[in-house]
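Colleague: Sharing a structure with you now.
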Amino acid sequence: MIKVTSIVAPALVALVSAPVVSVYAQGLEEIVVTAQKREQAAQDVPISMTAFSGDRARELVIDSTLDLALYTPGLTMGQNSGDGDFPFIALRGVSQRDFSDINESPSAVYIDEFYKANLIGLDQQIFDIERIEVLRGPQGTLYGRNATGGLIHYVTAKPSRESEGYANFTYGEYNRIKLEGALSGPLGDTASARISILQHQYDGWVDNSVASNEDGNALNNTGVRGQLLFEPGDNLSVNLLLQHSSNDNDAGNMFSHVSADDPPPTFKAIPNIGNPGYAGFVEPTPDDPRDTHSNRDIYLKTEQTTGIARIAWTGDDMEFVSVTGFEETSKDALFDSDGTPFERGTEVHPNGDQFSQEFRVAGGADRLQWLAGVYLINYDIDGSQARCSPGFAGGCGVIRAPVNYELSTNSQALFGNLDYQLSDTVGLTLGLRFTQEEKNYDLDNQDTGLAFNSSTVGDLATLDDSNADFNLRLSWTPNDNTLAYAGVSRGHKAGLFNLGFTARAGAIPGIPVDTETLNSFEAGFKSNFQDDTVRFNGAAFAYNYDDSQAFQFDGTTLSAQAFNSDADITGVELELAASPSDGFDVVATATALDATLKDVTLFGLQMVDAKMPLTPDMKLTLLARYEWDLSGGGSMAVEGDFSWFDEQYFDSFNSPSHFEESYSITNARLMWYSADGRWNAGVFAENLSDTVYRTFSFDLAFLGFSTDVYGKPRWIGATVGYNW
């Protein structure tokens, strides 16, 4: 059980959570959010959430979702393989660790109200952003698909009626170059346009002992976004967005090789230094555990094209909104699966196509605000993956016959939400969503001759789910500075299929994997005092998590193995922000979680309870900033932040090889601002203490090793920006 006193004490001493505040002036500026699909001040929304403005995200050097996790309570990120690939999102312990490209996250990701089924290219959305919203807890009634754990919403900067723009340039170690900019302005009396660009690249920062090959985890991200806004009248707006992003590099996704064993009776992976798992291979002693030993010509290439059309019409008493979106995604990658010159390698080539449509109408008068809508999505993903031939040394020049797959998803939902003011101080929120979803799966393993489809396994190759999600919440506002809320909600994530290198129902138990449902009981508060110079927010919650879609790699079949397991999660989050004097701001967060995966079967031998992966028991963040005026005009600011992650596991079996000790990350920034606000420049240091820490690891102990994915080393750079 959680020891509440051990959470509250350090949180009160610390001062909590930066993201919902601006630190450009004394007093805490509120960010306007759309967490309930209407504009509200963040402190007025009875939901546990964190929001960053676009300017703040740039100042904090938030380039990826992993950076976002440093400053967001309850959020932890793992890496699938390395920079530029999709992340594992863990929000309050709810995560999907399966690295198969066919699966979706239980914490939904949106860009401009468009749900992203495919997380490839997620980090390439983070440019020219107006704000980022992170909502914790089930959001299934308003946001629907796969919002069991919560959601991340990227809101782009929109076309403006006045000519404006900006350019930011960053240079750092490892030849890091980042250029981000935008131009915006009117096109006649009723139209506006905005063009936004991103180029972010750096050399590999994982040293490779094989001198003839590239260092690992390079990046070469490019993003271009164009928007047109038509406003022919005061009550009608049409916003069209088209974005293309890509990552193309020859040195992505290298793993670090660690010797391991899986002894009976538990067969949990344990470190086994000195036994590299390959005859004739002597594991070098690395200068840094982040190093690798790969002679493979690995690569990672991704492309994603996204189009969104949002139409909004406002009448006297109601608003109609249509959000239409499509997305095409492709990925071509070759991984060195063991981080050595030997044969373990994987080649993957998924392609995804998505179309979605949401219609909703909202209105209100006096004490009632209401919303109703319909949502449709079609998502198809197909592709192939293959392994290197066993015993082949010197790269992955010999590829085994591929596993071809195709998954089609069709989902429809009706949803509604109402907020009713029972009295001047008490409000009621009620949300409902009914969802019907069908998935059809076809897998052809040309290597083994096994097939999994409707012809070979019948109805096992089809999932047909109908689910109802709800949200019931009471809120109390005794005065203008205090909000308290309590309620119960339910979210779900539809069933899924396993994708491995074997394709027989008997060989991979649990095909398909059932729908997961999460029932949340939560109470929280938000408060401002001391003339809005101090803000204190908190939430406590308990989850009853039925059939959570857990994951473990199956060494006997070399298959990614998702399975259902019940779980219990309880937690507390505290946030405090203060501006005690002119120019001085201190913010911090504290999160405590007790997340237990129940009755996990260890290789069919015994059933045990385990800690949920990617879920540290405690997480703390502290940020301090001081800004002062210069005598000749302009200002300077110095800022530092500290994030501490408690120990955690990366696997559902809680194996010693996949146990990560607690660690901390420290960042620092020094900024200059011109008197007219147009120019800014600064220097920054990420991971100032050069902490060595893993963001994920994979269990291949039955082959004699494990592979690790590490967080970035110390990284120093400088930035300059101009606004007009």
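The values are calculated or read from the model by the stated rules, or taken from the named source; none is laboratory data. This is a predicted model, so every value here is computed, not measured. With ideal geometry, Cβ positions are generated from the backbone for all residues, glycine too; neighbour counts draw on all protein chains shown. These area figures cover heavy atoms from the full protein model, side chains too; ligands, DNA and RNA do not enter into them. Shrake-Rupley method; radii C 1.70, N 1.55, O 1.52, S 1.80 Å.
Colleague: With respect to Pro289, determine if the residue is over 30 Å from Ile111 (Cβ atoms), modelled with pLDDT of 80 or more, part of a loop (DSSP other than H, G, I, E, B) and open to solvent by 40 Å² or more (accessible area, probe 1.4 Å).
Modeller: Considered against the rule, which asks whether it is over 30 Å from Ile111 (Cβ atoms), modelled with pLDDT of 80 or more, part of a loop (DSSP other than H, G, I, E, B) and open to solvent by 40 Å² or more (accessible area, probe 1.4 Å), Pro289 comes out as yes.
Colleague: Would you be able to tell me the number of residues in region 60-99 that are out of contact with any strand residue (DSSP E or B) (no Cβ under 7 Å at 6 or more places or on another chain), open to solvent by 20 Å² or more (accessible area, probe 1.4 Å) and touching a residue at least 40 places away in the same chain (Cβ under 8 Å)?
Modeller: Here the count works out to 0.
Colleague: Consider region 154-178. How many of its residues are of a type in the set (Phe, Trp, Tyr) and surrounded by fewer than 15 Cβ atoms within 10 Å (Cβ to Cβ)?
Modeller: Residues flagged as of a type in the set (Phe, Trp, Tyr) and surrounded by fewer than 15 Cβ atoms within 10 Å (Cβ to Cβ) within region 154-178 amount to 1.
Colleague: Give the residue, chosen from Val457, Val403, that is out of contact with any strand residue (DSSP E or B) (no Cβ under 8 Å at 6 or more places or on another chain), within 25 Å of Tyr379 (Cα to Cα) and of a type in the set (Val, Ile, Thr).
Modeller: On inspection, the qualifying residue turns out to be Val457.
Colleague: Looking at region 691-713 only, could you name the residues that are touching a residue at least 60 places away in the same chain (Cβ under 8 Å) and farther than 20 Å from Phe653 by Cα?
Modeller: Within region 691-713, Val692, Tyr710, Gly711, Lys712, Pro713 meet the criteria.
Colleague: Sticking with this one: If a residue counts only when it is closer than 26 Å to Arg387 by Cα, of a type in the set (D, E, K, R) and in contact with an Asp or Glu (Cβ under 9 Å, 6 or more places away or on another chain), which strands (runs of 3 or more DSSP E) contained entirely in region 398-466 have at least 1 such residues?
Modeller: Strands (runs of 3 or more DSSP E) meeting the threshold: 403-421, 426-445.
Colleague: Restricting to region 342-367, name every residue that is touching a residue at least 60 places away in the same chain (Cβ under 8 Å) and either out of contact with any Lys or Arg (no Cβ under 6 Å at 6 or more places or on another chain) or open to solvent by 50 Å² or more (accessible area, probe 1.4 Å) (or both).
Modeller: Phe342, Arg344, Val348, Gly352, Gln354, Ser356, Glu358, Arg360, Ala362
Colleague: Condition (residue is under 22 Å from Glu104 (Cβ atoms), within 32 Å of the chain's Cα centre (by Cα), of a type in the set (S, T, N, Q) and not in a strand (DSSP E or B)) applied to region 472-493: is it met by at least one residue?
Modeller: Taking every residue of region 472-493 in turn, none turns out to be under 22 Å from Glu104 (Cβ atoms), within 32 Å of the chain's Cα centre (by Cα), of a type in the set (S, T, N, Q) and not in a strand (DSSP E or B).
Colleague: Ok, one more. What is the residue count in region 189-235 for residues that are among the hydroxyl-bearing types (Ser, Thr, Tyr), assigned to a strand (DSSP E or B) and within 30 Å of Tyr171 (Cβ to Cβ)?
Modeller: So the answer is 3.
Colleague: A follow-up question, please. Taking only region 445-475 into account, find how many residues are more than 29 Å from Val374 (Cβ to Cβ) and buried (at least 18 other Cβ atoms within 10 Å of the Cβ).
Modeller: 5
Colleague: Within the bounds of region 625-634, is there any residue that is of a type in the set (Ser, Thr, Tyr), touching a residue at least 12 places away in the same chain (Cβ under 8 Å) and surrounded by fewer than 22 Cβ atoms within 10 Å (Cβ to Cβ)?
Modeller: Scanning region 625-634, I find at least one residue that is of a type in the set (Ser, Thr, Tyr), touching a residue at least 12 places away in the same chain (Cβ under 8 Å) and surrounded by fewer than 22 Cβ atoms within 10 Å (Cβ to Cβ), so the answer is yes.
Colleague: Any residue at all in region 203-226 that's at pLDDT 95 or above, closer than 14 Å to Ser160 by Cβ and either open to solvent by less than 50 Å² (accessible area, probe 1.4 Å) or under 25 Å from the mean Cα position of the chain (by Cα) (or both)?
Modeller: no
Colleague: Look at Asn479 and say whether it is more than 21 Å from Arg136 (Cβ to Cβ) and either out of contact with any Phe, Trp or Tyr (no Cβ under 6 Å at 6 or more places or on another chain) or open to solvent by 70 Å² or more (accessible area, probe 1.4 Å) (or both).
Modeller: So Asn479 fits the description; yes.
Colleague: Follow-up question, since we're still on this one. Tell me the residue from Ala157, Ala167, Ala90, Ala147 that is modelled with pLDDT of 90 or more and closer than 30 Å to Ser322 by Cβ, please.
Modeller: Answer to the check: Ala157.
Colleague: Of Val45, Val32, which residue is free of Cβ contacts under 8 Å to residues at least 12 places away in the same chain and within 30 Å of Gly363 (Cβ to Cβ)?
Modeller: Val32
Colleague: Looking at Gly121, is it over 23 Å from Thr305 (Cα atoms) and open to solvent by less than 10 Å² (accessible area, probe 1.4 Å)?
Modeller: no
Colleague: Go through the residues of region 546-561 one by one and say whether even a single one is open to solvent by 30 Å² or more (accessible area, probe 1.4 Å), touching a strand residue (DSSP E or B) at 6+ places or on another chain (Cβ under 7 Å), modelled with pLDDT under 90 and not in a loop (DSSP other than H, G, I, E, B).
Modeller: Taking every residue of region 546-561 in turn, at least one turns out to be open to solvent by 30 Å² or more (accessible area, probe 1.4 Å), touching a strand residue (DSSP E or B) at 6+ places or on another chain (Cβ under 7 Å), modelled with pLDDT under 90 and not in a loop (DSSP other than H, G, I, E, B).
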